[in-house]
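Shown next, in structure tokens, is the structure this report addresses.
Just so it is clear, none of the values below were taken in a lab; they were calculated from the coordinates. Remember, predicted model here, so these are calculated numbers, not experimental data. Glycine gets a Cβ as well: all are built from the backbone with ideal geometry, and neighbour counts include every protein chain shown.
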Amino acid sequence: MTFEGQIRKMITENGKPIRYYLNFKDDYLDVNQQLEKKIRIKHLHNECLGCGLDKEIYRMGYCQTCFFSLPEANESIIRPELSTAHLGIEQRDLEWEKKFELQPHIVYLAVSSDLKVGVTRAAQIPTRWIDQGASYATIFAKTDNRYEAGMIEVALKNHASDKTNWQKMLKNDVPELDLIQQKDLFKMYIPEEESKFYLSDDSVYTFEYPVLEFPKKVKSLNLKKQREFEGVLTGIKGQYWIFEDGTVWNVRGHEGFYVEIEL
């Protein structure tokens, strides 16, 4: 059986374990059902998420032109504290930016590899945690817009990383931390003007991933350098496929690649 299409990040469905789907234009692939099966992935060409052209993918699934022109690739996507929609100031497309940035956002603490602080739209919970391969997470604050969440994150980044160590995450090298204790400790670091957004909720969310065996060593598959790969799928975590030889494929990192997948 062969599937062909543009790669976008996998669709996830929270469960025990989490379910993963590759969504192509005219079809979809239930990735969980492919565990223990041999899969061949072949990079055919590119298809930019923005213009749809066969151009080299620069970042986030976009060609260089689209990356530096579309609002979906604004700098405030990566650094929410740079959001200006709440001031009515346009970066690339004010209407799009208002729709995206002027909605409730969450500041969270999560453990994927080590303690991490992050920001996402409230509507993206728990999807954001699953995409990052979090083992457990809690909500730290809920704000009215992206800028407010970004300012809290900036303050907390002095005390916790905003990055995930993807190798530790995939090897399931995850420390056991008391997230609620960390949350109580970090409360003192919230800027005074954002302190009203702190959420005094002791809920901790946990996640179970469909992984048969975690690799002891990992090596990353880059389809730009290696256009074809074949291996037996043994797990899915975050936005990664894990193969029995320790090769891992970052699906989200290959957005905009047009591939053929043969089962």
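Quick look at the numbers
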{"read-out": "Gaussian network model of the chain, springs between alpha carbon atoms under 10 Å - residue of Thr127, Thr65, Thr164 with greatest fluctuation", "value": "Thr65"}
{"read-out": "The stretch 226-251-the stretch 42-95 distance, computed between alpha-carbon centres (Å)", "value": "27"}
{"read-out": "Order of Tyr108, Tyr209 under a 10 Å beta carbon neighbour criterion, fewest first", "value": "Tyr209, Tyr108"}
{"read-out": "The stretch 83-130, dipole about Cα centre (Lys/Arg Cβ +1, Asp/Glu Cβ -1), debye to the nearest 20", "value": "180"}
{"read-out": "Dipole-positive endmost among Ala123, Phe100, Ser135 within the chain (Cβ charges, Cα centre)", "value": "Ser135"}
{"read-out": "D_trans [Stokes-Einstein, Kirkwood Rh over alpha-carbon pairs] for the stretch 51-113, 37 °C, 0.692 mPa s, µm² s⁻¹", "value": "248"}
{"read-out": "Alpha-carbon Rg/Rh ratio, for the stretch 74-206, with Rh computed the Kirkwood way", "value": "0.97"}
{"read-out": "Burial ordering of His159, His45, His254, fewest other beta-carbon atoms within 10 Å first", "value": "His45, His159, His254"}
{"read-out": "For the chain, average projected area of the Cα convex hull in nm²", "value": "14.0"}
{"read-out": "Residues of the stretch 187-210 with amide N under 11 Å of a point placed 7 Å along Cα→Cβ from Leu115", "value": "187"}
{"read-out": "Rh (Kirkwood; distinct C-alpha pairs) - the stretch 1-142, Å", "value": "17.6"}
{"read-out": "Amide hydrogen neighbours beyond the local backbone of Gln103, cut-off 5 Å, H modeled", "value": "Arg146"}
{"read-out": "Burial ordering of Asp93, Asp202, fewest other beta-carbon atoms within 10 Å first", "value": "Asp202, Asp93"}
